[in-house]
Amino acid sequence: MKTILFFTLFLMSALLYSQDEKQRFENTQTKQLTSNAAYNTAIDQMQSSADKNTQEKIKQLDDQFELNFSEKAKLENKIKLLQQKKNQAEDKVTNAKSDAEKEKFSEKIADLILDITKINKKLADNEIELKNLQELFKTLNK
C-alpha cells in the first residue's frame, strides 16, 4: 500500500510539475511573440514615418522646382524686354543728330547692359539652385 501511495504521489507531482513547466513555456512564448510583434510594429511605424518624411521632402522639392522655373521664366522675360530696349536705344543712337542725344542714348545702353548683366547673374544662380534641387531629388529617390 505504501508503494501505491508513493507511486500515486510521484505521478501527481510529476503531472503538476509538467503542467507548471508547460505554463512557463507558454508564458515565455507569449512574451517573445509580444516582443516580436511590438518590435515589428515599431519597425513598421518607423518605416512609415520615414516614407512620409521622404514624401514631404519630395513635395517641398517639387514646390521649389516650380518656383525655380517660374523665376527663370520671369528673368528671361526681363532680359528680352531689356534687350528690346537696348536695341531701340541703339537705333536711336544711330539716328541721333546731335552728340548730346548720342551720349544720352549711350548712357542708357550702358545702364541696360548693366541690368542685363545683373539678371544674367541671377539666372546663373537660379541654374545652380536648379542643379542642387535635382541632386537632392536624386538622393531622395534612391
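Residues in region 34-72 that are open to solvent by 90 Å² or more (accessible area, probe 1.4 Å), aliphatic (A, V, I, L, M) and more than 30 Å from residue 123 (Cβ to Cβ): 46 alone. Could you tell me whether region 130-142 includes any residue that is within 12 Å of the chain's Cα centre (by Cα), among the hydroxyl-bearing types (Ser, Thr, Tyr) and open to solvent by 50 Å² or more (accessible area, probe 1.4 Å)? Looking for residues that are within 12 Å of the chain's Cα centre (by Cα), among the hydroxyl-bearing types (Ser, Thr, Tyr) and open to solvent by 50 Å² or more (accessible area, probe 1.4 Å), one finds at least one in region 130-142, hence yes.
Every condition in (1) at pLDDT 85 or above; (2) under 32 Å from the mean Cα position of the chain (by Cα) holds for residue 39 except the one numbered (1). When residues in region 73-106 are screened for being more than 15 Å from residue 118 (Cβ to Cβ) and surrounded by 12 or more Cβ atoms within 10 Å (Cβ to Cβ), 13 of them pass. One residue alone among 11, 112 is modelled with pLDDT of 85 or more and either open to solvent by less than 100 Å² (accessible area, probe 1.4 Å) or not in a helix (DSSP H, G or I) (or both), and that residue is 112.
Do we have residue 35 as of a type in the set (Gly, Ala, Ser), under 30 Å from residue 133 (Cβ atoms) and assigned to a helix (DSSP H, G or I) here? Give the derivation first.
Working: of a type in the set (Gly, Ala, Ser): yes; under 30 Å from residue 133 (Cβ atoms): no; assigned to a helix (DSSP H, G or I): yes.
It is false that residue 35 is of a type in the set (Gly, Ala, Ser), under 30 Å from residue 133 (Cβ atoms) and assigned to a helix (DSSP H, G or I).
The values are calculated or read from the model by the stated rules, or taken from the named source; none is laboratory data. The structure presented is a predicted model; accordingly, all values stated were derived computationally and were not measured. Using ideal geometry, Cβ is built from the backbone for each residue, glycine included, and neighbour counts are taken over all protein chains shown. The protein model used for the area step is the full one, side chains on, heavy atoms only, and it has no ligands, DNA or RNA in it. Shrake-Rupley method; radii C 1.70, N 1.55, O 1.52, S 1.80 Å.
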